[in-house]
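In what follows, a single structure is set out as structure tokens and then discussed.
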Amino acid sequence: MVRFPDPPDPLDEAFPLGDGTADGAAFAACPYCGELCEIVLDPGGGTHQEYVEDCPVCCRPWRVSATWTGSQATVTLATEDE
Ligand SMILES: [Zn+2]
């Protein structure tokens, strides 16, 4: 019996990084206290994401900017009032 491959899932095509091979976390230094923190990412949310998250060390709000190049995530943290 011949098995045909499953047809492509339209959701996977819209968010090709959501397949589990892309970086799910990255390290970046807090722009307020300078502490190196692990930023947990959601690769399935798109190749470029910006959102606000609080620093777990000093509790001040970061503007997180995450970009994926292939499966490699780049994260930059900025102060909210920059
Ligand atoms: Zn901090």
Within the range 52-82, residues in contact with a Lys or Arg (Cβ under 8 Å, 6 or more places away or on another chain) and not polar (S, T, N, Q) come out as Val52, Asp54, Leu77, Ala78, Glu80, Glu82
Subject >> Residue check, Leu11 modelled with pLDDT under 80, of a type in the set (A, V, I, L, M, F, W, C) and away from the ligand (no atom under 16 Å from the Cβ) >> reply: yes
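Quickly run through the range 43-76 and pick out the residues that are of a type in the set (D, E, K, R) and within 14 Å of the ligand (Cβ to nearest atom).
Glu53, Asp54, Arg60, Arg63
Conditions tested, residue by residue: (1) surrounded by 13 or more Cβ atoms within 10 Å (Cβ to Cβ); (2) among the aliphatic types (A, V, I, L, M); (3) touching a strand residue (DSSP E or B) at 6+ places or on another chain (Cβ under 7 Å).
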| residue | (1), (2), (3) |
| --- | --- |
| Leu36 | no, yes, yes |
| Tyr51 | no, no, yes |
| Asp54 | no, no, yes |
| Trp62 | yes, no, yes |
| Thr69 | no, no, no |
| Thr76 | yes, no, yes |
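The values are calculated or read from the model by the stated rules, or taken from the named source; none is laboratory data. Model, not experiment: these values are computed from the prediction. As a convention, Cβ positions derive from the backbone with ideal geometry for all residues, glycine included, and neighbour counts pool all protein chains shown.
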